[in-house]
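Taking it in order: structure first as structure tokens, then the write-up.
The values are calculated or read from the model by the stated rules, or taken from the named source; none is laboratory data. Everything quoted here is computed from the prediction, not taken from an experiment. Every residue, glycine as well, gets a Cβ built from its backbone with ideal geometry; the counts of neighbours run over all protein chains shown. Areas reflect the complete protein model, heavy atoms only, side chains present, ligands, DNA and RNA absent. Shrake-Rupley method; radii C 1.70, N 1.55, O 1.52, S 1.80 Å.
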Amino acid sequence: MTINRYERGGIPTKSQSDYIRLLIDNESKFIEKVKEAYSSGRITAKTYEKIVTDELNTNLEKEQIQDFLRRCLTSELSRKPDIYNGYKTFDLDKVENIISYIASKVPNLTITSLNKYLWFIDMLSFYKRSVAITGLTYQKQKFGPTIINKSYDEISLLNDKYTREDFETETGNTTQIKSNGNYSLSEISDSEKEIIDTIIKILKKKSVGEISELSHKEDGWKKTKKFETISFDYAMNLKIIE
């Protein structure tokens, strides 16, 4: 009946439009209302089953995609501990929680800056403890160090601990990472958290360009050829903490 009114030119009130938006944005609330409608006899069993089954299939499909993405990332980024991953086994769960934590502390965290945050964190960790934190491997790109093979794109699509937002600006497309607020630091030691917080404190108020410039001053970027992997040997001359 409500939709029929809109089709005939009726305009929803603010409370109605707010409620419709709630149902659009909140899938669980929508399903809750469908169940209430079925219980009260306002929709048929056939309609109810179709809606709930479609919703179940959609959620299952999303879970399958995320699971596939995780398996691909783990396969692509895992390697035996060596000087190019800071002698650390790759840990995707740890990476996700660290990204979510950084995003919770840094407003407007872009995917470009995130690459530098992670690299500086791992380099500082290697400088202090002779081992990285994440197990990620990095390579030299034009605007600074990035996760190898542009895997940061796939990592940004994981949606358990954070969400990716793409939008256009005057200078082009920008991708930001927003924390879901459900990160866990239980697998991160006190010394690791101190390192992460140190890099956040140094970079938090800097622009994307300023962060890239800082990475360009490091030997790891200057002395590595374009597209080649960056050795953690360069952490011994880390300039960001001078």
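At-a-glance table
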| quantity | calculated |
| --- | --- |
| Tally, over segment 92-124, of residues that are within 13 Å of Tyr183 (Cα to Cα), open to solvent by 10 Å² or more (accessible area, probe 1.4 Å) and touching a strand residue (DSSP E or B) at 6+ places or on another chain (Cβ under 9 Å) | 4 |
| Residues satisfying the stated conditions in segment 144-193, i.e. open to solvent by 50 Å² or more (accessible area, probe 1.4 Å), among the aromatic types (Phe, Trp, Tyr) and closer than 16 Å to Ile102 by Cβ | Tyr183 |
| Residue under evaluation Pro81, criteria (1) in contact with an Asp or Glu (Cβ under 9 Å, 6 or more places away or on another chain); (2) surrounded by 14 or more Cβ atoms within 10 Å (Cβ to Cβ); (3) farther than 17 Å from Leu214 by Cα, criterion not met | (1) |
| Qualifying residue in segment 127-140 (condition: in contact with a helix residue (DSSP H, G or I) (Cβ under 7 Å, 6 or more places away or on another chain), under 20 Å from Thr175 (Cβ atoms) and of a type outside the set (S, T, N, Q)) | yes |
| Some residue of segment 213-223 being open to solvent by less than 30 Å² (accessible area, probe 1.4 Å), in contact with a Phe, Trp or Tyr (Cβ under 6 Å, 6 or more places away or on another chain), free of Cβ contacts under 8 Å to residues at least 24 places away in the same chain and not small (Gly, Ala, Ser) | yes |
| Candidate set: segment 230-242, residues that are within 13 Å of Ala132 (Cβ to Cβ) and outside any loop (DSSP other than H, G, I, E, B); chosen: the one most open to solvent (accessible area, probe 1.4 Å) | Asp233 |
| Filtered residue count, segment 203-212, keeping only those that are farther than 17 Å from Ser104 by Cβ and open to solvent by less than 50 Å² (accessible area, probe 1.4 Å) | 3 |
| The listed residue being of a type in the set (S, T, N, Q) and at pLDDT 75 or above, out of Asn4, Asn85, Asn26, Asn59 | Asn85 |
